[in-house]
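Below is one structure, written out as structure tokens; the observations come after it.
Nothing in this text is a laboratory measurement; each read-out follows from the coordinates by a stated rule. For clarity, every value in this text was computed on a predicted model and none was experimentally measured. Reconstructed Cβ throughout: ideal geometry from the backbone, glycine too, with neighbour counts over all protein chains shown.
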Amino acid sequence: MTQSPTAPLSADSPHGLAAVEQEIAHACKEARRERASVTLIAVSKTFAADAIFPIIRAGQRVFGENRVQEAKGKWPELIQAHPGLQLHLIGPLQSNKAKEAVALFDAIHSVDRASICEALAKEIKNQGKHPELFVQINTGEEPQKAGVAPQDADAFIAACRDKYGLKISGLMCIPPVDQAPAPHFALCAKIAARNGLKNLSMGMSADFAVAIQMGATHVRVGSAIFGTRTVAHP
């Protein structure tokens, strides 16, 4: 899948979105990168359609959800009403949800184990749909967190390609909350480079500017755009 160009935001963009866009532009300038080289994923998990509408109207076109079931409840109608939107799964994927995930999402950021690879390969073949795939790297090797350990990353990426026939677009990581993010972003970028992967999904509301400095091509920003999270009512 080719990366969509960044849509120009309207003059009356919601404050959070406008502020994030300004910070991304500044970070890109500091890193001597084009603004179009970074895709902003507006993370809309737990927010209902009425909170998402203003962000779409402002020109945002790429959104992220953590759960397949929640996304199924609210996004088909939004996508039908607003052609050209992209939806990214940024949370863990269960193999029994692979069919629904391939049908609904344009990108899946959480490929991290053999059972997911097998299920995705099957559904991609069955549906003829090819979502962009990111391997999640557990850079902090946190036992409670999903992702492939850094030392296993090369072998896992090779298996994705050679054993399961998956086209891997890039890597994703979520640094430990109690550690500086830059070394984790650097590690993820190093693994991507040696495996010939150009895309890096890294950086969230608190650290996306740092991630851009470290080469992020996709930043996942929720609370800085939408504010305090609520319970979604699809």
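Tabulated values for the structure
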{"read-out": "Residues H130 and H15, FRET efficiency given R0 of 45 Å [Cβ-Cβ distance, rounded to 0.05]", "value": "0.80"}
{"read-out": "Segment 19-103 pair-distance distribution - Cα-Cα, 10 Å bins, rounded %", "value": "15, 44, 29, 12, 0"}
{"read-out": "Cα Rg, Dmax (largest Cα-Cα span) when computed across segment 81-234, Å", "value": "15.4, 44"}
{"read-out": "Two-site label geometry, K163 and K145: point separation in nm, points 7 Å out along Cα→Cβ", "value": "2.4"}
{"read-out": "Estimated Rh, segment 111-168: Kirkwood, alpha-carbon pairs, angstrom", "value": "11.8"}
{"read-out": "Percentage of interatomic Cα-Cα distances in segment 160-228 larger than 17 Å", "value": "44"}
{"read-out": "Share of Cα-Cα pairs in segment 1-155 lying beyond 29 Å, as whole percent", "value": "23"}
{"read-out": "Percent RCO, i.e. relative contact order, over segment 49-122, from Cα pairs under 8 Å lying at least 6 residues apart", "value": "29"}
{"read-out": "Net charge of neighbours whose Cβ lies under 12 Å from the Cβ of I41, counting Lys and Arg as +1 and Asp and Glu as -1", "value": "0"}
{"read-out": "Sequence-distant residues sharing a close amide H with A48 (under 5 Å, placed H)", "value": "H233"}
{"read-out": "Segment E30-D50, length gained on full extension (0.36 nm per residue, minus Cα span)", "value": "3.7 nm"}
